[in-house]
Amino acid sequence: MDISEVRVLAAGTALPGPPIDNAALARRFGMDGAWEQWIAAFVGTDSRHLAVDLDTGEVRSSLSELGALAAERALRGAALRPADIDVLVLGTSTPEMLMPATVNVVADRLGINDVPTYQLQSGCAGAVQALDVARGMLANGARNALVIGGEVCAKHFDLSVDLKDLSPAELVNVVLFGDGAGAAVLTADPVEGVPAVRRVLNRLTGQGREPGQSVQWFGLADRASAAAAVKEDYKAIEESVPLMAAEIVKELLADTGWDATDVDYLLPPQLSGRMTARIVEELGLAAAEEVSCVRETANTGNALPFFQFERALAEMTTGDRALCVAVESSKWIKAGIALECV
């Protein structure tokens, strides 16, 4: 089949627990009002959902639970059953464990069996990478694919830590990220009135560059390591992501033959509310409607494109075009998708 005729039937999402606003986060960690104001001004995120209960420390949602819930919602939106799925792909940077792969735990929860399953470990480009793998499988004979992306960072929350002792590279992670999962159903069937995937961009560009973010895995031998479990070079990300986003848009437009004025919906990178606003301004797609959710959900990594898809799919009509842009900053991957409602 023509790979540009793969269609997105539906998307579904899932968030753990109630929203936690900046004031609640500041109170929990014993920080003053100035810290709350710093979050609003520097990060630009109003709330997030966390899989850990900040009062008790209990982890109340797993990635497989959230992934399965998002998948069930996407399947309902597509009017399909788990038995209709021919391939399952998951993109995440925070799998539940090294083995079994989280994608297979999700499959078990959904009742999906006897199909190929793939798990891709990546930062914010993982959702696009997973969609690309699924698209390739559909081009090779599969009929319906279920693609999931999500993150649960609860295991990296140390509720006993004094935030005043953290370096800026560690502190930013407390306020920047949230947990969640999203899913989309892709099909090779020529369904009318839903978006077709016209182009997928997925390219590593980090040769010789220091990571913008790192997430450690500790085992029994090194769990007492003094290394920070999670840290990021926010300044490098702030400098690089807008430029990379502009390059992604330029390439997607060139590959599709679209003009900037042809884009009806823009799904920009969702690093933070402040960064997203800056990126949108610099991309210059003034005619496009911005589809963003990061101020309410915080940065949920590989779940975020699916939250954007869910909103965009509800609005797109025949002839509408959309660009989704994602940048993976741990090793600088450019990713993007061009959609056209046909």
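The values are calculated or read from the model by the stated rules, or taken from the named source; none is laboratory data. Not measured: the values here are computed from a predicted model. Here Cβ is always computed from backbone atoms with ideal geometry, including for glycine, and neighbour counts include all displayed protein chains.
The table for this structure:
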{"quantity": "Extreme residue, farthest from the chain's Cα centre (by Cα), among residues of region 87-104 that are crowded, with 20+ Cβ neighbours inside 10 Å and of a type outside the set (S, T, N, Q)", "calculated": "87"}
{"quantity": "Flag for residue 185 being in contact with a Gly (Cβ under 8 Å, 6 or more places away or on another chain), among the β-branched types (Val, Ile, Thr) and either more than 18 Å from residue 91 (Cα to Cα) or surrounded by 22 or more Cβ atoms within 10 Å (Cβ to Cβ) (or both)", "calculated": "yes"}
{"quantity": "Residues of region 298-316 classified as of a type outside the set (A, V, I, L, M, F, W, C), touching an Asp or Glu at 6+ places or on another chain (Cβ under 9 Å) and surrounded by fewer than 24 Cβ atoms within 10 Å (Cβ to Cβ), total", "calculated": "1"}
{"quantity": "Residue 270 being under 16 Å from the mean Cα position of the chain (by Cα), buried (at least 22 other Cβ atoms within 10 Å of the Cβ) and in a loop (DSSP other than H, G, I, E, B)", "calculated": "yes"}
{"quantity": "Residue identified as touching a residue at least 12 places away in the same chain (Cβ under 8 Å) and of a type in the set (A, V, I, L, M, F, W, C) among 288, 226", "calculated": "288"}
{"quantity": "Given (1) under 22 Å from residue 267 (Cα atoms); (2) without any contact (Cβ under 8 Å) to a residue 60 or more places away in the chain, index of the condition residue 129 fails", "calculated": "(2)"}
{"quantity": "So residue 250, is it assigned by TED's automatic domain parsing to the domain that holds residue 300, touching a residue at least 12 places away in the same chain (Cβ under 8 Å) and of a type in the set (Lys, Arg)", "calculated": "no"}
{"quantity": "Top-ranked residue in region 28-61 [being surrounded by fewer than 12 Cβ atoms within 10 Å (Cβ to Cβ) and not in a loop (DSSP other than H, G, I, E, B); ranked as nearest to the chain's Cα centre (by Cα)]", "calculated": "41"}
{"quantity": "Residue 251 vs. criteria at pLDDT 95 or above and either over 18 Å from residue 176 (Cβ atoms) or in a helix (DSSP H, G or I) (or both)", "calculated": "yes"}
{"quantity": "Test: residue 205 is of a type in the set (Ser, Thr, Tyr), buried (at least 18 other Cβ atoms within 10 Å of the Cβ) and over 30 Å from residue 40 (Cα atoms)", "calculated": "no"}
{"quantity": "Condition broken by residue 322, with the remaining ones in (1) over 16 Å from the mean Cα position of the chain (by Cα); (2) assigned to a loop (DSSP other than H, G, I, E, B) satisfied", "calculated": "(2)"}
{"quantity": "Selection status of residue 83, in a helix (DSSP H, G or I), aliphatic (A, V, I, L, M), over 25 Å from residue 125 (Cβ atoms) and in the same structural domain as residue 11 (by TED's automatic domain parsing)", "calculated": "yes"}
